[in-house]
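A short write-up of the structure that comes next.
The values are calculated or read from the model by the stated rules, or taken from the named source; none is laboratory data. What you see is a predicted model; the values in this text were computed from it and never measured. Cβ placement follows ideal geometry from the backbone for every residue including glycine, while neighbour counts extend to all protein chains displayed. Surface accessibility is based on the protein's heavy atoms, side chains included, excluding ligands, DNA and RNA. Shrake-Rupley method; radii C 1.70, N 1.55, O 1.52, S 1.80 Å.
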Amino acid sequence: MNLITGDLSFIPLGGSGEIGMNLNVYRCDGQLLAIDCGIGFGGNDNPEAEVMTPDPYWLATRRDQLVGLVITHAHEDHIGAVAHLWPQLRCPVYASPFAASVLRRKLAEANLAHEVPLHVMPLGGKLDLGPFALSFIRVTHSVPEPQSVAIRTRYGTVLHTGDWKLDPDPLIGQPADLEAFARLGEEGVLAMVCDSTNALVEGHSGSEAEVRRNLVPLLRPLKGRVAITCFATNVARVESIALAAKAVGRKVALFGRSLRNAEASARECGYLQNVGPFISEDEADDLPDNELLIICTGSQGEERSAMAKIAADTHPRISLGEGDTVIFSSRMIPGNEKAVLRMQDELARGGCKVMTADDHVVHVSGHACRDELRKLYSLVKPRFAVPVHGEWRHLQEHASLAREMGSTPVLVEDGDVLRLGPLAGNEAPDVVEGVPTGRLVVDGDRLLPLDGGVMSARRKMLFNGSVVASLAVDRSGRVLGAPQISAPGLFETTDQEPEQIAAELSRAITELPSNLKQEDDALRDAARAALRKALGRRMRKRPTVDVHLLRV
Ligand SMILES: [Zn+2]
Ligand SMILES: [Zn+2]
(Lines give C-alpha, C1' and ligand atoms only; values in the text may rest on other atoms or scores of the structure.)
(Ligands and ions follow the chains in the order given, each with its own letter.)
Protein backbone atom coordinates (compact mmCIF):
# COMPACT_ATOMS: atom_id res chain seq x y z
CA MET A 1 0.00 0.00 0.00
CA ASN A 2 1.59 3.28 -1.09
CA LEU A 3 0.43 6.17 1.08
CA ILE A 4 3.25 8.58 0.41
CA THR A 5 1.07 10.81 -1.74
CA GLY A 6 -2.62 11.52 -1.58
CA ASP A 7 -3.30 11.41 2.15
CA LEU A 8 -3.55 13.50 5.29
CA SER A 9 -1.88 11.81 8.26
CA PHE A 10 -0.88 12.69 11.78
CA ILE A 11 2.46 11.20 12.81
CA PRO A 12 3.55 11.86 16.43
CA LEU A 13 7.29 11.25 16.85
CA GLY A 14 7.33 12.35 20.52
CA GLY A 15 4.89 13.37 23.26
CA SER A 16 2.11 10.81 22.72
CA GLY A 17 2.02 8.12 25.38
CA GLU A 18 4.63 10.08 27.34
CA ILE A 19 5.04 13.51 28.97
CA GLY A 20 7.56 15.80 27.29
CA MET A 21 9.61 15.63 24.09
CA ASN A 22 6.83 16.82 21.79
CA LEU A 23 7.48 16.38 18.09
CA ASN A 24 4.38 16.18 15.90
CA VAL A 25 4.31 15.71 12.16
CA TYR A 26 1.45 16.16 9.70
CA ARG A 27 1.71 14.73 6.20
CA CYS A 28 -0.43 16.01 3.37
CA ASP A 29 0.05 14.83 -0.20
CA GLY A 30 3.63 13.87 0.50
CA GLN A 31 4.59 17.16 2.18
CA LEU A 32 5.46 17.29 5.87
CA LEU A 33 4.76 19.89 8.55
CA ALA A 34 6.35 19.64 12.00
CA ILE A 35 4.79 21.16 15.09
CA ASP A 36 6.97 21.66 18.19
CA CYS A 37 10.33 20.11 18.96
CA GLY A 38 10.92 19.67 22.68
CA ILE A 39 13.06 17.95 25.27
CA GLY A 40 12.25 15.61 28.15
CA PHE A 41 14.10 14.71 31.32
CA GLY A 42 15.61 11.34 32.21
CA GLY A 43 14.14 11.62 35.70
CA ASN A 44 13.58 8.51 37.82
CA ASP A 45 13.18 6.26 34.78
CA ASN A 46 16.43 7.04 32.99
CA PRO A 47 18.90 8.24 35.62
CA GLU A 48 21.75 7.88 33.12
CA ALA A 49 20.21 10.64 30.96
CA GLU A 50 19.66 14.19 32.11
CA VAL A 51 18.05 15.64 28.99
CA MET A 52 16.54 13.70 26.09
CA THR A 53 15.08 14.57 22.69
CA PRO A 54 12.87 12.57 20.36
CA ASP A 55 14.81 10.75 17.64
CA PRO A 56 14.01 12.69 14.43
CA TYR A 57 15.56 10.05 12.13
CA TRP A 58 12.38 9.39 10.14
CA LEU A 59 11.72 13.10 9.62
CA ALA A 60 15.37 13.95 8.96
CA THR A 61 15.60 11.43 6.13
CA ARG A 62 12.60 13.16 4.50
CA ARG A 63 13.62 16.72 5.13
CA ASP A 64 13.27 17.62 1.43
CA GLN A 65 9.51 17.16 1.99
CA LEU A 66 9.49 19.20 5.23
CA VAL A 67 7.86 22.60 4.65
CA GLY A 68 8.54 23.99 8.12
CA LEU A 69 8.57 23.66 11.89
CA VAL A 70 5.89 25.58 13.78
CA ILE A 71 6.34 26.28 17.51
CA THR A 72 3.15 26.59 19.60
CA HIS A 73 4.79 28.09 22.71
CA ALA A 74 8.08 28.62 24.55
CA HIS A 75 8.07 25.69 26.99
CA GLU A 76 11.09 23.38 26.97
CA ASP A 77 8.98 20.33 26.06
CA HIS A 78 7.96 22.16 22.85
CA ILE A 79 10.97 24.30 21.96
CA GLY A 80 13.93 22.83 23.87
CA ALA A 81 15.14 20.40 21.20
CA VAL A 82 15.17 22.81 18.25
CA ALA A 83 18.82 23.77 18.77
CA HIS A 84 19.77 20.08 19.12
CA LEU A 85 17.80 18.71 16.16
CA TRP A 86 17.62 21.56 13.65
CA PRO A 87 20.97 20.62 12.09
CA GLN A 88 19.25 17.37 11.00
CA LEU A 89 16.06 19.10 9.80
CA ARG A 90 17.33 22.38 8.29
CA CYS A 91 13.85 23.80 7.70
CA PRO A 92 12.33 27.24 8.32
CA VAL A 93 11.02 27.73 11.88
CA TYR A 94 7.94 29.79 12.79
CA ALA A 95 7.19 31.12 16.28
CA SER A 96 5.41 33.95 18.13
CA PRO A 97 7.52 36.97 19.17
CA PHE A 98 8.13 35.64 22.71
CA ALA A 99 8.84 32.05 21.64
CA ALA A 100 11.12 33.36 18.88
CA SER A 101 13.00 35.49 21.40
CA VAL A 102 13.49 32.53 23.76
CA LEU A 103 14.53 30.34 20.83
CA ARG A 104 16.96 32.93 19.47
CA ARG A 105 18.92 32.81 22.74
CA LYS A 106 19.10 29.02 22.62
CA LEU A 107 20.22 29.06 18.99
CA ALA A 108 22.90 31.65 19.79
CA GLU A 109 24.27 29.38 22.54
CA ALA A 110 24.46 26.56 19.98
CA ASN A 111 26.14 28.84 17.38
CA LEU A 112 23.12 28.45 15.09
CA ALA A 113 21.69 31.97 15.32
CA HIS A 114 22.75 32.86 11.78
CA GLU A 115 21.87 29.52 10.23
CA VAL A 116 18.28 28.94 11.28
CA PRO A 117 15.65 30.80 9.24
CA LEU A 118 13.48 31.87 12.17
CA HIS A 119 10.28 33.68 11.23
CA VAL A 120 8.31 35.66 13.81
CA MET A 121 4.56 35.08 13.51
CA PRO A 122 2.09 37.67 14.76
CA LEU A 123 -0.45 36.37 17.32
CA GLY A 124 -3.56 35.10 15.57
CA GLY A 125 -1.75 35.25 12.22
CA LYS A 126 -2.06 33.07 9.13
CA LEU A 127 0.58 31.14 7.23
CA ASP A 128 0.48 29.03 4.08
CA LEU A 129 3.06 26.24 3.95
CA GLY A 130 2.68 23.99 0.91
CA PRO A 131 -0.63 22.11 1.18
CA PHE A 132 -1.17 23.37 4.77
CA ALA A 133 -3.07 26.62 5.36
CA LEU A 134 -2.42 27.51 8.98
CA SER A 135 -4.22 29.96 11.22
CA PHE A 136 -3.08 30.57 14.75
CA ILE A 137 -5.62 30.90 17.55
CA ARG A 138 -4.84 32.60 20.86
CA VAL A 139 -5.14 30.39 23.94
CA THR A 140 -3.94 30.72 27.54
CA HIS A 141 -1.32 28.59 29.31
CA SER A 142 1.49 29.20 31.81
CA VAL A 143 3.73 31.06 29.35
CA PRO A 144 3.17 34.17 27.20
CA GLU A 145 1.66 33.82 23.72
CA PRO A 146 0.55 30.17 23.54
CA GLN A 147 -1.31 29.38 20.34
CA SER A 148 -3.39 26.62 18.83
CA VAL A 149 -2.92 25.91 15.15
CA ALA A 150 -5.84 25.31 12.79
CA ILE A 151 -4.49 23.33 9.85
CA ARG A 152 -6.72 23.52 6.78
CA THR A 153 -6.04 20.99 4.02
CA ARG A 154 -7.97 19.68 1.05
CA TYR A 155 -8.94 16.67 3.20
CA GLY A 156 -10.38 18.78 6.01
CA THR A 157 -9.29 20.85 8.98
CA VAL A 158 -7.27 19.61 11.93
CA LEU A 159 -7.06 21.68 15.10
CA HIS A 160 -3.75 21.15 16.88
CA THR A 161 -4.42 22.71 20.28
CA GLY A 162 -0.92 22.76 21.74
CA ASP A 163 -0.88 23.22 25.53
CA TRP A 164 -3.84 25.27 26.67
CA LYS A 165 -6.30 26.17 29.39
CA LEU A 166 -9.14 28.68 29.59
CA ASP A 167 -7.87 31.31 32.00
CA PRO A 168 -10.45 34.10 32.25
CA ASP A 169 -7.76 36.44 33.62
CA PRO A 170 -4.33 35.32 32.38
CA LEU A 171 -2.65 38.58 33.55
CA ILE A 172 -0.36 38.58 30.51
CA GLY A 173 -2.03 38.62 27.11
CA GLN A 174 -5.72 38.16 26.47
CA PRO A 175 -8.04 35.24 27.29
CA ALA A 176 -8.37 32.45 24.73
CA ASP A 177 -10.09 33.42 21.49
CA LEU A 178 -13.26 31.37 22.02
CA GLU A 179 -14.96 33.07 19.08
CA ALA A 180 -12.28 31.82 16.73
CA PHE A 181 -12.82 28.28 18.05
CA ALA A 182 -16.57 28.65 17.63
CA ARG A 183 -16.14 29.88 14.05
CA LEU A 184 -13.87 26.94 13.33
CA GLY A 185 -16.50 24.61 14.79
CA GLU A 186 -19.15 26.12 12.52
CA GLU A 187 -16.86 25.64 9.53
CA GLY A 188 -16.37 21.97 10.46
CA VAL A 189 -13.38 20.29 12.05
CA LEU A 190 -12.23 16.85 10.99
CA ALA A 191 -10.01 16.16 13.99
CA MET A 192 -8.77 17.83 17.13
CA VAL A 193 -5.32 16.83 18.37
CA CYS A 194 -5.55 17.95 21.97
CA ASP A 195 -3.60 18.35 25.25
CA SER A 196 -4.43 15.56 27.76
CA THR A 197 -2.28 16.64 30.74
CA ASN A 198 -5.20 17.29 33.13
CA ALA A 199 -7.71 14.87 31.62
CA LEU A 200 -7.88 13.11 35.00
CA VAL A 201 -8.69 16.32 36.89
CA GLU A 202 -12.34 17.36 37.30
CA GLY A 203 -13.35 21.01 37.31
CA HIS A 204 -11.37 24.01 36.15
CA SER A 205 -7.63 24.69 36.33
CA GLY A 206 -8.16 28.13 37.90
CA SER A 207 -6.59 31.45 37.04
CA GLU A 208 -3.20 33.11 37.41
CA ALA A 209 -5.13 35.95 39.01
CA GLU A 210 -5.95 33.70 42.01
CA VAL A 211 -2.26 33.12 42.64
CA ARG A 212 -1.62 36.85 42.39
CA ARG A 213 -4.39 37.66 44.90
CA ASN A 214 -3.03 35.13 47.37
CA LEU A 215 0.61 36.12 47.30
CA VAL A 216 0.47 39.33 49.33
CA PRO A 217 -1.39 37.85 52.35
CA LEU A 218 0.93 34.84 52.15
CA LEU A 219 4.13 36.90 52.09
CA ARG A 220 3.18 39.64 54.56
CA PRO A 221 3.65 37.71 57.82
CA LEU A 222 6.91 36.07 56.71
CA LYS A 223 10.15 37.08 58.42
CA GLY A 224 13.64 36.27 57.16
CA ARG A 225 14.59 35.65 53.58
CA VAL A 226 12.02 34.39 51.10
CA ALA A 227 12.83 32.35 48.00
CA ILE A 228 10.22 31.37 45.42
CA THR A 229 10.88 28.90 42.65
CA CYS A 230 8.77 28.73 39.50
CA PHE A 231 9.13 28.03 35.78
CA ALA A 232 11.41 30.63 34.22
CA THR A 233 9.07 31.36 31.32
CA ASN A 234 5.97 31.82 33.52
CA VAL A 235 6.20 35.57 33.07
CA ALA A 236 2.78 36.26 34.61
CA ARG A 237 3.88 34.40 37.75
CA VAL A 238 7.21 36.26 37.91
CA GLU A 239 5.28 39.51 37.56
CA SER A 240 2.83 38.50 40.32
CA ILE A 241 5.70 37.62 42.64
CA ALA A 242 7.50 40.90 41.89
CA LEU A 243 4.36 42.96 42.53
CA ALA A 244 3.62 41.10 45.77
CA ALA A 245 7.22 41.60 46.90
CA LYS A 246 6.93 45.31 46.29
CA ALA A 247 3.68 45.43 48.25
CA VAL A 248 5.31 43.87 51.30
CA GLY A 249 8.53 45.89 51.06
CA ARG A 250 10.89 43.33 49.59
CA LYS A 251 13.29 43.78 46.68
CA VAL A 252 13.52 41.01 44.09
CA ALA A 253 16.60 39.25 42.70
CA LEU A 254 16.54 36.55 40.02
CA PHE A 255 18.80 33.54 40.55
CA GLY A 256 19.43 31.22 37.61
CA ARG A 257 20.36 31.72 33.99
CA SER A 258 17.09 30.55 32.48
CA LEU A 259 15.17 33.09 34.60
CA ARG A 260 17.43 35.93 33.50
CA ASN A 261 17.07 34.80 29.87
CA ALA A 262 13.29 34.62 30.18
CA GLU A 263 13.22 38.08 31.78
CA ALA A 264 15.23 39.49 28.88
CA SER A 265 12.86 37.87 26.35
CA ALA A 266 9.82 39.12 28.27
CA ARG A 267 11.09 42.72 28.40
CA GLU A 268 12.10 42.50 24.73
CA CYS A 269 8.48 41.66 23.89
CA GLY A 270 7.02 44.43 26.04
CA TYR A 271 6.07 42.38 29.11
CA LEU A 272 6.97 43.13 32.77
CA GLN A 273 6.50 46.85 32.13
CA ASN A 274 5.00 47.47 35.58
CA VAL A 275 7.95 45.76 37.26
CA GLY A 276 11.15 47.74 37.85
CA PRO A 277 14.58 46.27 37.20
CA PHE A 278 15.52 43.41 39.51
CA ILE A 279 18.49 43.75 41.85
CA SER A 280 21.68 41.80 41.15
CA GLU A 281 22.79 38.67 43.00
CA ASP A 282 25.51 40.72 44.72
CA GLU A 283 23.10 43.36 45.94
CA ALA A 284 20.78 40.64 47.21
CA ASP A 285 23.24 39.30 49.75
CA ASP A 286 23.76 42.79 51.24
CA LEU A 287 20.06 43.43 51.92
CA PRO A 288 18.52 42.86 55.36
CA ASP A 289 16.84 39.44 55.36
CA ASN A 290 13.27 40.73 55.62
CA GLU A 291 13.76 43.04 52.61
CA LEU A 292 14.82 40.32 50.19
CA LEU A 293 12.84 38.02 47.96
CA ILE A 294 14.61 35.84 45.45
CA ILE A 295 13.00 34.08 42.51
CA CYS A 296 15.07 31.10 41.49
CA THR A 297 15.22 28.23 39.03
CA GLY A 298 15.05 24.61 40.11
CA SER A 299 11.37 23.92 40.72
CA GLN A 300 11.94 20.44 39.24
CA GLY A 301 14.93 19.62 41.41
CA GLU A 302 17.34 20.10 38.48
CA GLU A 303 20.80 19.28 39.74
CA ARG A 304 22.67 22.41 38.66
CA SER A 305 19.83 24.88 39.32
CA ALA A 306 20.05 27.79 41.75
CA MET A 307 17.57 26.15 44.13
CA ALA A 308 19.48 22.86 44.18
CA LYS A 309 22.66 24.73 45.09
CA ILE A 310 20.86 26.74 47.77
CA ALA A 311 19.38 23.55 49.22
CA ALA A 312 22.82 21.90 49.27
CA ASP A 313 24.32 25.14 50.67
CA THR A 314 26.82 25.28 47.81
CA HIS A 315 25.52 28.45 46.16
CA PRO A 316 28.38 30.97 45.85
CA ARG A 317 26.21 34.03 46.57
CA ILE A 318 23.31 33.19 48.80
CA SER A 319 22.39 30.90 51.63
CA LEU A 320 19.12 30.18 53.36
CA GLY A 321 18.54 28.69 56.78
CA GLU A 322 16.65 28.98 60.06
CA GLY A 323 13.76 31.43 59.80
CA ASP A 324 13.78 31.64 55.99
CA THR A 325 10.96 30.47 53.72
CA VAL A 326 11.03 28.64 50.39
CA ILE A 327 7.88 28.57 48.27
CA PHE A 328 7.44 26.09 45.40
CA SER A 329 5.19 27.95 42.96
CA SER A 330 5.07 25.01 40.58
CA ARG A 331 3.99 21.43 40.14
CA MET A 332 6.26 18.43 39.90
CA ILE A 333 6.56 17.13 36.35
CA PRO A 334 6.00 13.36 36.52
CA GLY A 335 9.39 11.66 36.82
CA ASN A 336 10.93 14.49 38.86
CA GLU A 337 9.21 13.70 42.16
CA LYS A 338 12.25 12.12 43.80
CA ALA A 339 14.57 15.01 43.00
CA VAL A 340 12.05 17.66 44.11
CA LEU A 341 11.19 15.93 47.39
CA ARG A 342 14.86 15.38 48.17
CA MET A 343 15.52 19.08 47.65
CA GLN A 344 12.56 20.08 49.83
CA ASP A 345 13.86 17.76 52.50
CA GLU A 346 17.33 19.30 52.38
CA LEU A 347 15.83 22.77 52.74
CA ALA A 348 13.76 21.68 55.75
CA ARG A 349 16.84 20.11 57.34
CA GLY A 350 18.61 23.46 56.93
CA GLY A 351 15.82 25.11 58.92
CA CYS A 352 13.77 26.59 56.06
CA LYS A 353 10.00 26.56 56.07
CA VAL A 354 8.86 24.93 52.82
CA MET A 355 5.51 25.88 51.28
CA THR A 356 4.05 24.09 48.27
CA ALA A 357 0.88 24.05 46.21
CA ASP A 358 -0.28 21.12 48.36
CA ASP A 359 -1.28 23.43 51.20
CA HIS A 360 -1.17 26.98 49.78
CA VAL A 361 -2.60 28.68 46.68
CA VAL A 362 0.83 29.31 45.16
CA HIS A 363 0.31 27.60 41.82
CA VAL A 364 -2.36 26.89 39.23
CA SER A 365 -1.87 24.43 36.41
CA GLY A 366 -1.42 25.68 32.87
CA HIS A 367 -3.41 22.80 31.40
CA ALA A 368 -7.14 22.40 30.82
CA CYS A 369 -9.07 20.33 33.36
CA ARG A 370 -12.18 18.39 32.38
CA ASP A 371 -14.63 21.33 32.42
CA GLU A 372 -12.36 23.27 30.10
CA LEU A 373 -11.95 20.26 27.81
CA ARG A 374 -15.75 19.94 27.64
CA LYS A 375 -16.03 23.63 26.77
CA LEU A 376 -13.54 23.36 23.91
CA TYR A 377 -15.22 20.21 22.54
CA SER A 378 -18.59 21.98 22.64
CA LEU A 379 -17.18 24.85 20.56
CA VAL A 380 -14.98 22.98 18.09
CA LYS A 381 -17.20 19.88 17.72
CA PRO A 382 -14.46 17.83 16.02
CA ARG A 383 -15.57 14.64 14.24
CA PHE A 384 -12.55 12.82 15.63
CA ALA A 385 -10.55 13.43 18.79
CA VAL A 386 -6.86 12.56 19.01
CA PRO A 387 -5.61 12.90 22.61
CA VAL A 388 -1.88 13.69 22.88
CA HIS A 389 0.52 15.23 25.44
CA GLY A 390 0.02 12.64 28.14
CA GLU A 391 0.70 9.14 29.37
CA TRP A 392 -1.71 6.35 28.52
CA ARG A 393 -4.07 6.84 31.45
CA HIS A 394 -4.42 10.54 30.50
CA LEU A 395 -5.02 9.70 26.84
CA GLN A 396 -7.63 7.12 27.77
CA GLU A 397 -9.59 9.40 30.14
CA HIS A 398 -9.42 12.15 27.55
CA ALA A 399 -10.76 9.72 24.94
CA SER A 400 -13.79 8.83 27.04
CA LEU A 401 -14.52 12.51 27.69
CA ALA A 402 -14.30 13.18 23.96
CA ARG A 403 -16.76 10.36 23.31
CA GLU A 404 -19.21 11.86 25.84
CA MET A 405 -18.89 15.14 23.94
CA GLY A 406 -19.88 13.48 20.66
CA SER A 407 -16.48 13.01 19.05
CA THR A 408 -15.00 9.68 18.04
CA PRO A 409 -11.69 9.26 19.83
CA VAL A 410 -8.65 7.66 18.21
CA LEU A 411 -5.67 6.70 20.36
CA VAL A 412 -2.16 6.91 18.96
CA GLU A 413 1.33 6.68 20.30
CA ASP A 414 4.72 7.80 19.06
CA GLY A 415 5.58 6.29 15.69
CA ASP A 416 1.98 5.70 14.56
CA VAL A 417 0.84 7.01 11.20
CA LEU A 418 -2.78 7.97 11.72
CA ARG A 419 -4.53 8.38 8.39
CA LEU A 420 -7.09 11.19 8.73
CA GLY A 421 -8.02 11.51 5.08
CA PRO A 422 -9.36 10.85 2.60
CA LEU A 423 -12.08 8.92 4.48
CA ALA A 424 -14.98 7.20 2.78
CA GLY A 425 -18.49 7.70 4.22
CA ASN A 426 -18.47 6.28 7.72
CA GLU A 427 -14.81 5.33 7.71
CA ALA A 428 -12.84 6.24 10.85
CA PRO A 429 -9.19 7.27 10.92
CA ASP A 430 -6.86 4.35 11.36
CA VAL A 431 -3.24 3.69 12.15
CA VAL A 432 -2.00 2.47 8.78
CA GLU A 433 1.72 2.10 9.36
CA GLY A 434 4.48 2.71 11.86
CA VAL A 435 7.62 4.77 11.51
CA PRO A 436 10.81 4.47 13.56
CA THR A 437 10.94 6.59 16.73
CA GLY A 438 13.16 6.64 19.76
CA ARG A 439 14.93 8.87 22.18
CA LEU A 440 18.28 10.58 21.95
CA VAL A 441 20.27 11.55 25.02
CA VAL A 442 21.93 14.97 25.08
CA ASP A 443 25.42 14.03 26.25
CA GLY A 444 27.68 17.08 26.17
CA ASP A 445 27.80 18.10 22.51
CA ARG A 446 26.58 14.75 21.24
CA LEU A 447 23.21 13.10 20.74
CA LEU A 448 23.30 9.39 21.60
CA PRO A 449 20.49 6.86 21.14
CA LEU A 450 19.01 5.97 24.55
CA ASP A 451 18.97 2.28 23.61
CA GLY A 452 22.37 2.37 21.88
CA GLY A 453 25.62 0.83 23.04
CA VAL A 454 27.10 3.86 24.83
CA MET A 455 24.04 4.63 26.93
CA SER A 456 23.44 0.95 27.73
CA ALA A 457 27.02 0.76 28.99
CA ARG A 458 26.49 3.97 30.96
CA ARG A 459 23.35 2.53 32.55
CA LYS A 460 25.19 -0.64 33.47
CA MET A 461 28.17 1.28 34.82
CA LEU A 462 25.89 3.43 36.95
CA PHE A 463 24.78 0.41 38.95
CA ASN A 464 27.53 -2.15 38.44
CA GLY A 465 30.62 -0.06 37.80
CA SER A 466 33.24 -0.75 35.20
CA VAL A 467 36.61 -2.52 35.32
CA VAL A 468 39.51 -2.23 32.90
CA ALA A 469 42.51 -4.53 33.11
CA SER A 470 45.75 -3.68 31.28
CA LEU A 471 47.85 -6.67 30.52
CA ALA A 472 51.34 -6.98 28.96
CA VAL A 473 52.30 -10.37 27.47
CA ASP A 474 55.22 -11.59 25.41
CA ARG A 475 54.97 -13.40 22.05
CA SER A 476 54.16 -16.71 23.67
CA GLY A 477 51.48 -15.14 25.88
CA ARG A 478 53.44 -15.14 29.12
CA VAL A 479 52.21 -12.35 31.43
CA LEU A 480 54.88 -9.70 32.01
CA GLY A 481 54.74 -7.98 35.37
CA ALA A 482 51.42 -7.64 37.19
CA PRO A 483 48.23 -6.68 35.27
CA GLN A 484 46.91 -3.23 36.16
CA ILE A 485 43.31 -3.05 37.24
CA SER A 486 41.41 0.25 37.26
CA ALA A 487 37.86 0.38 38.50
CA PRO A 488 36.73 3.84 39.60
CA GLY A 489 33.29 3.68 41.16
CA LEU A 490 33.96 0.14 42.42
CA PHE A 491 37.05 0.31 44.59
CA GLU A 492 38.66 2.86 46.88
CA THR A 493 42.29 3.59 45.98
CA THR A 494 43.33 1.94 49.25
CA ASP A 495 41.42 -1.30 48.60
CA GLN A 496 43.41 -4.54 48.27
CA GLU A 497 40.95 -6.23 45.88
CA PRO A 498 42.38 -4.89 42.60
CA GLU A 499 45.76 -6.45 43.41
CA GLN A 500 44.20 -9.77 44.32
CA ILE A 501 42.07 -9.73 41.18
CA ALA A 502 45.17 -8.93 39.11
CA ALA A 503 46.96 -11.92 40.62
CA GLU A 504 44.00 -14.15 39.91
CA LEU A 505 43.88 -12.91 36.32
CA SER A 506 47.60 -13.60 35.87
CA ARG A 507 47.17 -17.12 37.17
CA ALA A 508 44.18 -17.81 34.92
CA ILE A 509 46.11 -16.69 31.83
CA THR A 510 49.17 -18.78 32.73
CA GLU A 511 46.90 -21.84 32.77
CA LEU A 512 45.48 -21.20 29.27
CA PRO A 513 46.55 -23.56 26.43
CA SER A 514 49.59 -22.11 24.67
CA ASN A 515 48.04 -21.94 21.13
CA LEU A 516 45.22 -19.74 22.50
CA LYS A 517 47.73 -17.43 24.18
CA GLN A 518 49.41 -16.63 20.87
CA GLU A 519 46.21 -15.23 19.32
CA ASP A 520 45.39 -11.65 20.40
CA ASP A 521 41.60 -11.86 20.07
CA ALA A 522 41.33 -15.25 21.71
CA LEU A 523 43.63 -14.22 24.54
CA ARG A 524 41.68 -11.01 25.10
CA ASP A 525 38.37 -12.90 25.24
CA ALA A 526 39.78 -15.43 27.65
CA ALA A 527 41.20 -12.66 29.83
CA ARG A 528 37.84 -10.90 29.91
CA ALA A 529 36.09 -14.11 30.91
CA ALA A 530 38.66 -14.72 33.66
CA LEU A 531 38.28 -11.17 34.94
CA ARG A 532 34.49 -11.44 34.94
CA LYS A 533 34.73 -14.68 36.89
CA ALA A 534 37.13 -13.24 39.47
CA LEU A 535 34.90 -10.20 40.00
CA GLY A 536 31.75 -12.28 40.26
CA ARG A 537 33.33 -14.52 42.87
CA ARG A 538 34.78 -11.73 44.99
CA MET A 539 32.08 -9.08 44.71
CA ARG A 540 28.91 -10.77 43.55
CA LYS A 541 28.59 -8.04 40.89
CA ARG A 542 28.69 -7.97 37.11
CA PRO A 543 30.46 -4.76 36.10
CA THR A 544 31.24 -3.93 32.48
CA VAL A 545 34.63 -5.41 31.80
CA ASP A 546 37.35 -4.62 29.31
CA VAL A 547 40.91 -5.83 28.78
CA HIS A 548 43.70 -3.85 27.14
CA LEU A 549 46.21 -6.30 25.75
CA LEU A 550 49.73 -5.17 24.99
CA ARG A 551 51.94 -7.71 23.20
CA VAL A 552 55.65 -6.91 23.55
ZN1 LIG B 1 3.46 24.11 27.84
ZN1 LIG C 1 3.84 20.80 27.04
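On a 0 to 90 degree scale, rounded to 10, what angle separates helix 370-380 from the longest Cα axis of the chain? That helix lies at roughly 60 degrees to the long axis.
Each Lys and Arg contributes +1 and each Asp and Glu -1, all at the Cβ; summed about the Cα centre of the chain, the dipole is approximately 620 debye. Ranked by the mean number of other Cβ atoms within 10 Å per residue, highest first, peptides 91-102, 421-432, 540-551 order as 91-102, 540-551, 421-432.
Taking every alpha-carbon pair under 8 Å whose residues sit at least 6 apart, the chain reaches a relative contact order of 15 percent. Start at zero, step by 10 Å, and the Cα-Cα distances of segment 85-204 spread as 12, 37, 35, 15, 1 percent across the bins.
For segment 55-125, the relative contact order is 32 percent, taking Cα pairs closer than 8 Å that sit 6 or more residues apart in sequence and dividing their mean separation by the residue count.
Ligands, DNA and RNA left out, the 1.4 Å accessible surface of the chain is 48% carbon and sulfur atoms.
Computed from Cα positions, the angle between helix 520-539 and the longest principal axis of the chain comes to roughly 80 degrees. Ordering SER486, LEU462, PRO170 by the projection of their Cα atoms onto the charge dipole of the chain, which places +1 on the Cβ of Lys and Arg and -1 on the Cβ of Asp and Glu, puts SER486 at the extreme positive end. Here segment 159-284 is treated with +1 on each Lys and Arg Cβ and -1 on each Asp and Glu Cβ, and its dipole about the Cα centre works out to around 920 debye. Excluding residues fewer than 8 places away in the same chain, name every one of the lysines whose C-alpha is closer than 29 Å to that of LYS375. Candidates past the 8-residue exclusion: LYS126, LYS165.
Seen against the Cα atoms of the chain and their longest principal axis, helix 178-187 is set at about 90 degrees. The relative contact order of segment 393-487, computed from alpha carbon pairs under 8 Å that lie at least 6 residues apart in sequence, is 13 percent. Taken per residue, the accessible surface of the chain reaches 43 Å², heavy atoms only and a 1.4 Å probe. Each part gets one Cα centre, and for segment 398-470 versus segment 179-257 those centres are 30 Å apart. Taking the charge dipole of segment 1-134 about its Cα centre, with +1 at Lys and Arg Cβ atoms and -1 at Asp and Glu Cβ atoms, the residue from ALA60, LEU32, HIS114 reaching farthest to the positive side is HIS114.
Can you find, among ALA311, ALA227, ALA74, the residue sitting farthest towards the positive end of the charge dipole of the chain, where Lys and Arg contribute +1 and Asp and Glu -1 at Cβ? My answer, from the dipole projection, is ALA311.
Taking the Cα centre of segment 286-370 as reference, the dipole from Cβ charges on Lys and Arg (+1) and Asp and Glu (-1) amounts to some 400 debye.
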